[in-house]
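Q: A single structure is presented below for examination.
The values are calculated or read from the model by the stated rules, or taken from the named source; none is laboratory data. For clarity, every value in this text was computed on a predicted model and none was experimentally measured. Neighbour counts run over all protein chains shown; Cβ positions are idealised from the backbone, glycine included. For accessibility, only protein heavy atoms count, side chains too; no ligands or nucleic acids. Shrake-Rupley method; radii C 1.70, N 1.55, O 1.52, S 1.80 Å.
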Amino acid sequence: AVLTMKATVIATFFGVFLTCTYTAKEATKKTKKAKLYVPQIDCDVKAGKIINPEFIAKCPPGCQDVKYRVYGTDIYASFSSVCNAAIHSGIIDNTGGKILVQKVAGHSGYRGSFSNGVRSLSLPRWRESFLVSEGKPRKGVTYPTTLEYSSSKSTAVKSGNVNVPTGDAVCKEHQTTPVPTPATQMATTTPTPTTTTMDPSTTVPQPTTTPAATRTTAAAAKTRPGLHRVRDMAFRGTSTSASNRNILLHNTGVQRQEPVATFQRAAGSPAHLAMETDSWKTGLSLFDTGFSSKEEFNPKPLEPISQGNQNCKVDLSFLMDGSWSIGKRRFQLQKRFLGNVAQALGIGSAGPLMGIVQYGDDPSTEFNLKTYANSKDLRNAIEKIQQKGGLSNVGKALSFVNKNFFLDANGNRGGAPNVVVVMVDGWPTDRVEEASRLARESGINIFFVTVEAAAQSEKQNVIEPNFVDKVLMCRTSGFYSINVPSWFSLHKVVQPLVKRVCDTDRLACSKTCLNSADIGFVIDGSSSVGTGNFRTVLQFVANISKEFEISDTDTRIGAVQYTYEQRLEFSFDKHSTKQDVLNAIKRISYWSGGTSTGAAISYASEQLFSKSKPNKRKIMILITDGRSYDDVSMPAMAAHQNGVIAYSIGVAWAAPDELEAIASDPAKEHSFFVDEFDNLYRYVNQLIQNICTEFNSQPRN
């Protein structure tokens, strides 16, 4: 009977064992057979908006468009459109397809190029980069099926590495080694549903002595903007994601390695999690670990180590108005405003850093970027600033910041955009335009906060009454300028200013091949061209012009028409918007006459390029349809020596030797020949590509 009972027990045990083994194998097969769901992204999505450090995504058709900007070649700035970068690199074409994106560190000197129908632009530096390749999963890496976007609330990331439950307690005990340590595991309470399977026993927020389950809770934490204090998120127990992690000892603040899945998280900052991937296993979803919120689990608080608002990583300098015109009371209001901005920004080592320069007759640094690493200390320091007095020399202050503030020794991080916010009471008492231009060309984004107007006693010192119109950054849209009617209403613009400063999508104010030139068109209006063909030439000129970023601080356009004589159609400073330039081109009337190309080059040098701005690239594009009646080589050589980059486009009966003499070296990259006027349009992209290639090969100012 005993032997029979033993045999029955053994048979039962083996039966259960085989059943569990078969169930586990079937579950494994199902898991292996599960296909990876590839999320689709839009054409305009920039890599920097996606938190995931590595992901596979599907691009839709039709992403090859100039409005989806790309910066870099092979390695792209995260400011770039993901899909258009993939087309530029040749991974996909305009029909779309799957791509693999890997985030890497920021770089300096992103090289622009024209490839696969996409023109990428150069960029001096950016805080994050990415590589793009064929959309094939890498071995051992688990890819998310839902992407995390920094601009939206945190949602749980679906992952393929979640254990499949068997639903059988005996099988669980067989598969998992019991751990005789109490486990405290708590589910976060958020409106967002979890996307992974959770053992029912782990939903009860109380200690238990039962063996720890192998499954984990993946719950989404609701984003809370503006809250940047580090919270302690911890749980104990074993899980599939357990590995050696860094934890902070509550009593000493010293970091040590513990085989406990414990981590800290800045509340409301999902981007913070994406940046802390070094301490996690490859391919592990950052949300595959259970954690508890502050409200549910409240241990002894840590020492405040501010990471800051990681969705606003900028290096920021405030130019504080310390002139006598502001008065003591308004100076105090200005300090209160700066303190409120510091608080709203969320200062921290991984977020925005802020320094202050006070100006009057001369500027001086109150403190630099690395002096304070949290909002509280920064606000206290602002309260202690004493007024300098003097005039409102904003131009001198901008020059000082451009040369002295954004240095590595002062805490400049290189990968963060450089931003200057200028506070102005009334009006500057020195010239601002030139200093602002030089700062912009150094890659600095300049915001102006102007308060009230110049007092009657100040007006005698005002040099540039319309200075704001002259110094608006990049595109003249008003984005970089805030006018406040009174110091007493300054508190109303704290949030609007912070929102603009943190909008890093628009903080790309740097020199590119499309925004840093004075382009002069020299157009043949001789009798051999004819009225119809002349309109075709004007369309060609318009098609080239509209590719550039046109304003009085970006690229400017001028035009000369010639026959025996020359006529200035419009100068560089005549039109400051793209539409005005295009309208002016349409209004050019056909002249008719002979062909004196040499004299036209000399005329353009005197009437256009002699009035070009310093540090602007001077580009001459000459279009002609015949041999010149005069010499072209000497005028062209003189133009080249004066820094003019000359492109020559010949049509029909144009002389090849003259086209080469007019063109800058190497002539084959600066001269083009077209057999008939109707084919001019084919050379628009090639011409702009050559202009950008040459720009990207030159050292920056």
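Q: Restricting the search to the stretch 305-319, which residues are out of contact with any strand residue (DSSP E or B) (no Cβ under 9 Å at 6 or more places or on another chain) and under 14 Å from M354 (Cα atoms)?
A: Kept after step one, since they are out of contact with any strand residue (DSSP E or B) (no Cβ under 9 Å at 6 or more places or on another chain), are these residues of the stretch 305-319: 311-312.
Passing the criteria: only C312.
Q: Identify the residue in the stretch 360-377 that is in contact with a strand residue (DSSP E or B) (Cβ under 6 Å, 6 or more places away or on another chain) and surrounded by 17 or more Cβ atoms within 10 Å (Cβ to Cβ) and, among all such residues, is farthest from K328 (Cα to Cα).
A: L369
Q: Let me ask something else. Inside the stretch 561-675, counting only strands (runs of 3 or more DSSP E) that do not spill past its ends, which hold 3 or more residues that are open to solvent by 30 Å² or more (accessible area, probe 1.4 Å) and either assigned by the TED database to the domain that holds F548 or not hydroxyl-bearing (S, T, Y) (or both)? Explain how you work it out, then say what you get.
A: Working: elements: 566-570, 617-624, 644-651, 671-674.
Per the criteria, 566-570.
Q: Of the numbered conditions (1) open to solvent by 30 Å² or more (accessible area, probe 1.4 Å); (2) in a strand (DSSP E or B); (3) modelled with pLDDT of 90 or more, Y76 satisfies every one except a single condition; which is it?
A: Y76 satisfies all of (1) open to solvent by 30 Å² or more (accessible area, probe 1.4 Å); (2) in a strand (DSSP E or B); (3) modelled with pLDDT of 90 or more except (1).
Q: Right, V66: among the aliphatic types (A, V, I, L, M), on the phi < 0 side of the Ramachandran plot and in a strand (DSSP E or B) or not? Show your work before the answer.
A: Values: among the aliphatic types (A, V, I, L, M): yes; on the phi < 0 side of the Ramachandran plot: yes; in a strand (DSSP E or B): no.
Answer is no for this residue.
Q: Yes or no: S576 among the small types (G, A, S) and modelled with pLDDT of 95 or more?
A: On the way: among the small types (G, A, S): yes; modelled with pLDDT of 95 or more: no.
For S576, the condition - among the small types (G, A, S) and modelled with pLDDT of 95 or more - is not met.
Q: Here is a follow-up. Limited to the stretch 314-337, what total is found for residues that are open to solvent by 10 Å² or more (accessible area, probe 1.4 Å) and either in contact with a His (Cβ under 7 Å, 6 or more places away or on another chain) or outside the structural domain of F367 (by the TED database) (or both)?
A: The number of residues fulfilling the criteria is 0.
Q: Can I ask one more? Residues being polar (S, T, N, Q) and open to solvent by 10 Å² or more (accessible area, probe 1.4 Å): count how many of those fall in the stretch 526-560. Step through it out loud before you land on a result.
A: Pass one, the stretch 526-560, residues polar (S, T, N, Q): 526-528, 531, 533, 536, 539, 543, 545, 551, 553, 555.
Now narrow it down to the ones that are open to solvent by 10 Å² or more (accessible area, probe 1.4 Å): 527-528, 531, 533, 536, 539, 543, 553.
Going through the stretch 526-560 one residue at a time, the tally reaches 8.
Q: Out of the stretch 400-430, which residues are free of Cβ contacts under 8 Å to residues at least 60 places away in the same chain, surrounded by 19 or more Cβ atoms within 10 Å (Cβ to Cβ) and over 26 Å from L333 (Cα atoms)?
A: Within the stretch 400-430, just N402 meets the criteria.
Q: Please give the number of the condition C692 fails out of (1) open to solvent by 80 Å² or more (accessible area, probe 1.4 Å); (2) modelled with pLDDT under 95; (3) within 21 Å of G558 (Cβ to Cβ).
A: (1)
Q: Another question, then. Any idea which of (1) surrounded by 22 or more Cβ atoms within 10 Å (Cβ to Cβ); (2) among the aromatic types (F, W, Y); (3) modelled with pLDDT under 90 is the one Y37 doesn't satisfy?
A: (1)
Q: Looking at the stretch 103-141, which of the residues that are assigned to a loop (DSSP other than H, G, I, E, B) and polar (S, T, N, Q) is modelled with the lowest pLDDT? Walk me through it before giving the result.
A: First pass over the stretch 103-141, keeping only residues assigned to a loop (DSSP other than H, G, I, E, B): 111-112, 116-117, 122, 135-141.
Okay, now just the ones that are also polar (S, T, N, Q), so 116, 122.
Working: N116: 85, S122: 77.
Here the answer is S122.
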